[in-house]
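Okay, structure first, notes after.
Computed from the coordinates by the stated procedures, all read-outs in this text should not be read as laboratory data. Here the structure is a predicted model, which means the values were calculated and not measured. Heads up, the Cβs are rebuilt from the backbone with ideal geometry, glycines too, and the neighbour counts pull from every protein chain shown.
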Amino acid sequence: MDEALVTMHGKPVLTAGEVACRCGCGFALVKPELLDAFRVIREAAGRPLVVASGCRCEAHNAAVGGSLPSSHVLGEALDLEVGSSGQAYQLVALAIAAGVKRIGVGWRPGHHVFHMDVSHEPPFLYPGERSRLWTY
């Protein structure tokens with residue numbers, strides 16, 4: 001499970017263990033477009049980026065309250081741990097520059113995350129509204 005996943009350019013980006021479903025089922029689908037965006041963001045950030053949530057099987061996605069359809073189930077999204085609002089701000093700017101299509105920033109006590117998503121379909125978060133940037 002620790003083998004490196006690679007982009008189409010042959011550069012190591014993440015290990016399967018970093019992106020695999022946290023339930024332990026072994027599901028580890030990641031689209032090349034997401035790997036490329038993550039690589040660009042990580043190199044530009046100049047610091048380690050920790051994956052809080054990568055792929056999710058449908059059962060685990062339901063267990064954690066994920067949306068349907070979920071970009072995590074489709075291999076189109078990663079959630080990264082964020083330590084400060086400054087780090088979140090930096091990641092938003094880097095993600096936009098890297099071509100990330102959808103961004104979410106979550107600030108809950110003890111759980112700060114940055115959602116990056118390469119899906120071409122905006123999510124329906126509020127009735128009648130399709131968002132590309134949101135907080136939760």
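Observations on the model:
- Ala63 meets the conditions (1) touching a Leu at 6+ places or on another chain (Cβ under 7 Å); (2) of a type in the set (A, V, I, L, M, F, W, C); (3) surrounded by fewer than 20 Cβ atoms within 10 Å (Cβ to Cβ) in every case but one. The failed one is (1).
- Single residue of the range 36-53 satisfying the filter (within 12 Å of Ala77 (Cβ to Cβ) and out of contact with any helix residue (DSSP H, G or I) (no Cβ under 6 Å at 6 or more places or on another chain)) that is surrounded by the fewest Cβ atoms within 10 Å (Cβ to Cβ): Ala52
- Enumeration of residues in the range 79-95 that are over 12 Å from Val113 (Cα atoms), surrounded by 15 or more Cβ atoms within 10 Å (Cβ to Cβ) and not aliphatic (A, V, I, L, M): Gln90
- Residues in the range 38-63 that are in contact with a strand residue (DSSP E or B) (Cβ under 8 Å, 6 or more places away or on another chain) and among the β-branched types (Val, Ile, Thr): Ile41, Val50, Val51.
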